[in-house]
Structures are given as structure tokens and as C-alpha cells.
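Let me begin by presenting the structure, written as C-alpha cells, before commenting on it.
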Amino acid sequence: MRLLHLLTLLVFTLFSSASQALVILQYHHVDSTTPAVTSISPEQFEQHLQLLEQQNKTVVDLKTALQTLNDGKDLPIDSVAITFDDAWESIYLNAYPALKQRNWPFTVFTNTQAVDEKHHKVMSWEQLAELQQNGATIANHTVSHPYLLEKPESLNWNQWLDQEINQAEKRIEEKLGVSHRLLAYPYGEFNLEITQWVKEQGYIAFGQQSGPIGRDSHQQALPRFPAAGIYANPETLTTKLNTLPLPITADQLVEPVLSDDNPPKLSLLVSSNDVYRSQVQCYASGEGSIPTEVIAEKDMLDNQHLTINAQAKEAISAGRSRYNCTIPSRQHRGWFYWYSQVWINTSVSNR
């Protein structure tokens with residue numbers, strides 16, 4: 001198994017470049033009056049768009065970009081996709097005009113029940129249709145935006161996920177005539193059983209853990225960079241825009257739901273000659289840098305393989321937490337390889 005990992009990672013290393021990376025930004029409200037933790041003001045959002053222009057980023061359609069990567073082709077250098085969760089009306093009022101002015105595509109992950117029931121400050125189907133007609137992708141964010149991990153006892157997993165995910169997809173198709181099979185997990189929460197079901201149903205799915213994506217990223221646990229609330233700072237956003245996916249094979253995705261082993265240990269196998277072994281560092285939410293062990297090996301072709309082991313010092317007590325691991329790139333000065341592992345503490349009911 002380890003030999004298979006090394007061979008897979010070697011192939012990834014030989015063909016890895018910045019043109020095979022995609023940064024996805026995640027927003028919710030674009031409003032100064034909504035909860036700060038998930039909001040960005042219209043003025044701040046405009047600053048972000050100007051930053052993308054100043055950095056010469058190429059804003060791409062999410063679905064098309066993913067297809068390009070999965071077909072083994074290169075994306076434009078510095079590709080960025082813009083996404084919104086929850087179909088808030090502020091997206092229509094405050095984000096859409098600025099994006100339309102630039103002719104930039106974007107994706108809105110929609111929880112369909114809120115639209116059907118005409119919840120306060122949620123877009124209508126007519127507004128979503130207008131966005132779609134002007135270059136937006138309307139995608140799946142489940143029916144009722146539940147904690148997917150909290151399955152009702154009366155349902156099995158297939159019934160529960162069908163009720164929330166497939167029925168939302170069906171409703172979007174009924175109202176808008178499209179079925180992209182792109183899914184954003186509510187609250188960014190999933191487990192390995194859910195990712196397997198989602199894969200079998202033909203979805204590509206996204207969490208809320210940070211990081212860019214590449215050809216080898218797990219297609220049912222794709223990361224996005226939150227860009228609102230405490231993450232709206234343009235300086236820190238600039239760092240995130242200049243990131244590359246750490247060469248992690250999809251089969252290295254570990255169960256995010258915490259077990260009795262808390263704090264959890266993360267072990268990653270990385271193959272790359274473009275990273276500085278001495279500058280590997282992992283961080284934990286609320287703790288900062290954590291003990292990070294790096295074991296280096298060279299193969300017969302003098303390619304570098306790193307085993308990275310990281311573990312926080314303190315047990316995770318929050319409902320959701322992350323380990324972020326970063327390494328500076330040798331070839332792309334000022335850029336960082338980035339990988340984020342989400343941890344979910346289901347003992348916290350209001351996460």
C-alpha cells in the first residue's frame with residue numbers, strides 16, 4: 001500500500017504545477033446588517049473583487065474548472081472560483097451587480113426549502129433564474145440545511161440523504177431546468193459514509209475547510225476558503241489566493257468525526273521536490289502551531305517523499321476545528337502548499 005502511495009504521488013509530482021490548482025472562495029451574506037461571523041459588507045466584497053483584479057486572477061466557472069482538472073487539462077494560471085452558500089437575497093442585491101459588471105461567473109449553493117417557503121431575506125426562484133441567465137450556477141445545499149450527521153432515528157442513511165440531497169437536486173431541476181450535481185455540505189460537515197454515498201450518487205461535494213484544490217483532491221470533500229467574517233481581511237486573503245494544493249492523494253482523507261482519540265493525530269504522505277522540508281508546519285484552530293514531525297525519504301529517481309505527522313496538544317472541545325498544514329513552494333516564490341483537515345465534535349449539539 002505504501003509503495004502504491006509513493007508511485008501515485010510520484011506521478012502527481014511530475015505533472016504538478018500552478019496551472020493545476022484552483023482556489024475557491026466561500027461567502028454567505030453580503031450585507032452590513034447580518035451576523036458578522038458569516039457576513040461581508042458590500043464595500044469589503046468590492047475590495048475583494050478589486051484584489052482579484054490587482055492580482056491578475058482569472059475568475060472561472062466552478063463546474064467548468066472542475067471538469068478541466070478532472071480531464072487532466074490545465075486551468076488558466078491563478079484561477080479562482082467564487083461561491084455563495086444559502087441563497088441570501090443580499091447576494092442578489094449586493095454581490096450580483098458587481099459580478100455582472102465584470103462578467104464573472106459564480107455559484108450559489110441553495111437550500112431549496114427556504115426558497116420554496118419564501119424565508120425572510122432569501123432569494124426567490126425568479127431571482128435565482130435571473131442569476132442563472134446571467135452566468136451563475138445554481139447548485140445543491142440540501143433541502144433544509146440540516147446537520148447531515150444528525151440523522152433522524154426513523155430513517156436509514158440512504159433515506160436521510162436522499163430526502164435532503166436528491167430531493168433538493170430534483171427541486172432545482174424542476175424550477176430551473178438544470179442538475180449540476182454540485183453539493184455544498186451544510187456547515188461543511190460530513191463523514192466518510194456520507195462521502196461514499198455522495199460519490200455513488202454522482203455528486204461532487206464541497207466542505208468549508210480551507211485550501212486550494214488540484215487534480216488529486218478528494219471529489220467529495222473539496223475545500224474552499226471562507227472569505228467573510230474574520231476571514232475577510234484582504235491581507236490574509238492575498239496569502240490564500242497564492243496557494244497550491246499539497247500533493248495528497250484522495251485516499252488519504254480521514255474520518256473527520258472525532259473518536260475517543262482526542263486530540264486526533266494526522267498523518268500525511270507527500271511527494272514533492274518543490275517543498276522545503278525544514279519549513280513544514282501544521283496549525284490547529286485556537287492553538288496555533290502544533291508539534292509537526294517530518295520524515296523524509298528519497299526514491300531511486302531522487303524524488304523527495306515526506307511523511308508528516310501532526311497532533312494538537314489540547315483536546316478539541318469546539319464543535320468544529322481544523323488542522324492546517326502549509327509548506328512554502330520553491331518554484332513559486334511567495335506561494336504556499338496548503339492542506340486542511342476538518343474535525344467535527346458531534347458531542348457539541350449547536351456547532
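With the crude spin-label approximation of a point 7 Å out along Cα→Cβ, what separation in nm comes out for Asn191 versus Asn70?
For the pair Asn191/Asn70, the computed spacing is 2.6 nm.
What aspartates and glutamates sit close enough to Lys121 to cross-link, taking a C-alpha to C-alpha distance under 16 Å and skipping anything fewer than 8 places away on the same chain?
The qualifying aspartates and glutamates are Asp31, Asp85, Asp86, Glu89.
Could you run the Karplus curve 6.51 cos²θ - 1.76 cosθ + 1.60 with θ = phi - 60° over segment 145-155 and give me ³J(HN,Hα) per residue in whole Hz, x for Gly and Pro?
6, x, 6, 4, 6, 9, 5, x, 4, 6, 10
Using +1 at the C-beta of Lys and Arg and -1 at the C-beta of Asp and Glu, which of His305, Gln133, Val60 has the Cα lying farthest in the positive direction of the dipole of the chain?
Result: His305, furthest along the dipole toward the positive end.
Helix-only mean residue ellipticity at 222 nm, the chain, DSSP H runs n ≥ 4 weighted -39,500 (n - 2.57), per residue, nearest 500. What is it? Intermediate results must be reported in sequence, preceding the final value.
Numbers: 10 runs with 89 residues, N = 351.
It lands at -7000 deg cm²/dmol.
For a quick check: with amide H placed at 1.01 Å from N, whose amide H comes under 5 Å from Ala81's, ignoring anything fewer than 5 positions away on the same chain?
Here the answer is Val23, Ile24, Leu25, Val60, since their amide H atoms fall under 5 Å of that of Ala81.
Shape of segment 139-224 from its Cα gyration tensor (a ≥ b ≥ c, root eigenvalues): rounded if a/c is under 1.5, otherwise prolate when a/b > b/c, or oblate?
oblate
Starting from the 7 Å offset along Cα-to-Cβ, what nm value, one decimal, do you get for the label separation of Gln101 and Thr58?
2.5 nm
Please work out how much length the chain gains when fully extended from Val348 to Asn303, using 0.36 nm per residue of separation minus the C-alpha to C-alpha distance, in nm with one decimal.
Result: 11.8 nm gained on full extension.
At 0.36 nm per residue, and after removing the present C-alpha to C-alpha distance, how many nm does the segment from His332 to Val178 gain when stretched out fully?
Additional length available on full extension: 51.6 nm.
Can you tell me the length gained on complete extension of the stretch Asp251 to Gln133, counting 0.36 nm per residue apart and subtracting the Cα distance? The partial results should precede the final answer.
Numbers: separation 118, 0.36 × 118 = 42.48 nm, distance 3.76 nm.
Contour length minus the Cα-Cα distance gives 38.7 nm.
In whole percent, and with a 1.4 Å probe on the protein chains, what portion of the accessible area of segment 33-85 is carbon and sulfur? Walk me through the numbers on the way to the answer.
Details: 1200 of 2440 Å².
Heavy-atom surface of segment 33-85 belonging to carbon and sulfur, 1.4 Å probe: 49 percent.
Could you compute how much accessible surface Tyr147 exposes when probed at 1.4 Å, giving the result in Å² to the nearest 10?
40 Å²
Considering every pair of different Cα atoms, what Kirkwood radius, in Å, is found for segment 132-176?
Details: mean 1/r = 0.0864 Å⁻¹.
Across segment 132-176, the inverse of the average 1/r is 11.6 Å.
Given a Förster distance of 25 angstrom, what is the FRET efficiency for Ser259 paired with Ser154, based on the Cβ-Cβ distance and rounded to 0.05? Could you put the intermediate results ahead of the total?
Details: r = 26 Å, r/R0 = 1.03.
That pair, Ser259 with Ser154, gives E of 0.45.
Let me make sure I get this right: for segment 212-325, a, b and c are the square roots of the gyration tensor eigenvalues over alpha carbons, sorted descending. Under 1.5 in a/c it's rounded, otherwise prolate if a/b > b/c, else oblate. Which is it?
Values: a/c = 1.59, a/b = 1.22, b/c = 1.30.
Oblate is the answer for segment 212-325, as a/c is 1.5 or above yet b/c matches or exceeds a/b.
Using Cα-Cα distances under 8 Å and only pairs 6 or more residues apart, what relative contact order does segment 132-259 have, in percent? Mind dumping the intermediate values first?
Details: 167 pairs, mean separation 26.5, N = 128.
This gives 21 percent for segment 132-259.
Nearest 5 percent is fine: what portion of the DSSP beta bridges confined to the chain is antiparallel? Before the final figure, lay out each step's value.
Values: 33 of 62 bridges.
Looking only at bridges with both residues in the chain, the antiparallel portion is about 55 percent.
List, in the order given, every pair from Lys73/Lys265; Lys175/Lys199; Lys151/Lys313 whose Cα-Cα distance in the structure shown is over 26 Å. Write down the numbers at each step before the final one.
Working: Lys73/Lys265 34 Å; Lys175/Lys199 24 Å; Lys151/Lys313 31 Å.
Correct reply: Lys73/Lys265; Lys151/Lys313.
By the gyration tensor of its Cα atoms, with a ≥ b ≥ c the square roots of the eigenvalues, what is the shape of segment 82-241: rounded for a/c under 1.5, prolate for a/b over b/c, or oblate?
Working: a/c = 1.72, a/b = 1.18, b/c = 1.46.
Since a/c reaches 1.5 but b/c is at least a/b, the shape of segment 82-241 is classed as oblate.
Taking segment 169-210, which trypsin sites (Lys or Arg not before Pro) meet the DSSP loop condition and have no more than 12 other C-beta atoms within 10 Å?
Numbers: sites: Lys170, Arg171, Lys175, Arg181, Lys199; in loops: Arg181.
Qualifying residues, ordered by number: none.
For segment 245-259, take each phi angle, set θ = phi - 60°, evaluate the Karplus expression 6.51 cos²θ - 1.76 cosθ + 1.60, and give the result in whole Hz per residue in order, putting x for glycine and proline.
Running phi through 6.51 cos²θ - 1.76 cosθ + 1.60 with θ = phi - 60° gives x, 4, x, 10, 5, 4, 6, 8, 4, 9, 4, x, 6, 5, 9 Hz.
Pairs of alpha-carbon atoms within less than 8 angstrom and 6+ residues apart define the contacts here; what relative contact order does segment 246-337 have, in percent?
Working: 155 pairs, mean separation 30.5, N = 92.
Relative contact order of segment 246-337: 33 percent.
Relative contact order for the chain: what is it in percent, counting Cα pairs under 8 Å that are at least 6 residues apart? Walk me through the numbers on the way to the answer.
Values: 708 pairs, mean separation 55.8, N = 351.
For the chain, the relative contact order is 16 percent.
For Lys57, list the aspartates and glutamates whose Cα falls under 13 Å from its own Cα; do not include residues on the same chain fewer than 8 positions away.
In chain and number order, the partners are Asp78.
Ordered by residue, what ³J(HN,Hα) values in Hz, to whole numbers, does segment 98-113 give under the Karplus form 6.51 cos²θ - 1.76 cosθ + 1.60, where θ = phi - 60° and Gly and Pro are x?
My calculation for segment 98-113 gives 5, 6, 5, 4, 8, 6, 9, x, 7, 10, 10, 7, 10, 8, 5, 4 Hz in order.
The values are calculated or read from the model by the stated rules, or taken from the named source; none is laboratory data. The model shown is predicted, which means the values in this text are computed figures rather than measured ones. Here Cβ is always computed from backbone atoms with ideal geometry, including for glycine, and neighbour counts include all displayed protein chains. Quick note on the areas: whole protein, heavy atoms, side chains included, nothing else; ligands and nucleic acids left out. Shrake-Rupley method; radii C 1.70, N 1.55, O 1.52, S 1.80 Å.
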